[in-house]
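The structure under discussion appears below in the form of structure tokens.
The values are calculated or read from the model by the stated rules, or taken from the named source; none is laboratory data. The structure presented is a predicted model; accordingly, all values stated were derived computationally and were not measured. For neighbour counting, all protein chains shown are included, and Cβ atoms are generated from backbone atoms with ideal geometry for every residue, glycine included. We work out accessible area using only protein heavy atoms, side chains counted, and drop any ligands, DNA or RNA first. Shrake-Rupley method; radii C 1.70, N 1.55, O 1.52, S 1.80 Å.
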Amino acid sequence: MICIVTGSSRGLGKSIALAFGKRKYRVAVHYIDDQEGAEKTAEQIDNSIVLKGNIANNDDVQALVKNVIDTWGRVDVLVNNAGITKEALLIKTSEEIFTDVVNTNLKGPFNMTKAVVKHMMKQGKGHIINISSYAGIKGKPGLSAYASSKAALTGLTRSAALELGRYDIMVNAVLPGYMKTDMGLRSNVKAQEQAVNDSMIKNFSDPENTAEFICYLVNTSGITGQVFNLDSRII
């Protein structure tokens, strides 16, 4: 079984890649700027390749997926994990910031999904998991670009599921919760404290738990078009 995990040099993506590797998947570890981190992730997986590319750039995406197909001949699972956030109040969010965030968090998964789908259709089977966010449902002050991109990703998930179900390609979204990853720790201290206070378990979410859930989900059948909330904050 072949799995691509975007943004898997660190954080949640790394945990997901390692969880699939533990299950003897062949894993494509993707990065855009952290080559050392990607290589360290790949070293912990028995059968892996390391691929660099900007998922917002369709030429990079086509080359990335071609590399996977040329290496292993198929792709069974795509986890659209790569994402960025840039905190700024709406009135201070420039068009450049908004575009950068949406390009990575929405256009990137669109590009990746479109690139792998033609291979999954030939196979007659596949799983696509989009990593969304609590912010995409509830919104969050200072994250208008991020929240918008994640809300739109839910729409992409459901539309793709409707189109691809006939080919036995399952498309779902997962909301992992607030984590002490590089992205989570870049938020201000007040935001981190608020996330814990809003949690029913009064703690951060665990990347390894999310990774285990995703591995479980891709081994199911007939579950598609769903948004799975693993966030313990009240919605």
Worksheet item: Which one of these is surrounded by fewer than 22 Cβ atoms within 10 Å (Cβ to Cβ) and either closer than 22 Å to residue 10 by Cα or in contact with a Ser or Thr (Cβ under 9 Å, 6 or more places away or on another chain) (or both): 80, 130, 103, 111?
Response: 103
Worksheet item: How do the pairs read when you match residues in the stretch 44-64 that are over 17 Å from residue 7 (Cβ atoms) with residues anywhere that are of a type in the set (Phe, Trp, Tyr) and crowded, with 21+ Cβ neighbours inside 10 Å, using Cβ under 9 Å and keeping only pairs 6 or more apart or on different chains?
Response: 47/25
Worksheet item: Within the set of pairs 6 or more residues apart or between chains, which connect a residue that is part of a loop (DSSP other than H, G, I, E, B) inside the stretch 72-101 to a residue that is aromatic (Phe, Trp, Tyr) with Cβ atoms less than 6 Å apart?
Response: 85/146
Worksheet item: Name the pairs whose Cβ atoms lie under 6 Å apart, with the first residue in the stretch 210-223 and under 17 Å from residue 2 (Cβ atoms), the second among the polar types (S, T, N, Q) and open to solvent by less than 10 Å² (accessible area, probe 1.4 Å), and 6 or more positions between them or separate chains?
Response: none
Worksheet item: (1) modelled with pLDDT of 95 or more; (2) touching a helix residue (DSSP H, G or I) at 6+ places or on another chain (Cβ under 6 Å); (3) on the phi > 0 side of the Ramachandran plot: which one isn't true of residue 168, the others all being true?
Response: (2)
Worksheet item: For the stretch 102-142, how many residues meet the condition of being of a type in the set (A, V, I, L, M) and outside any helix (DSSP H, G or I)?
Response: 3
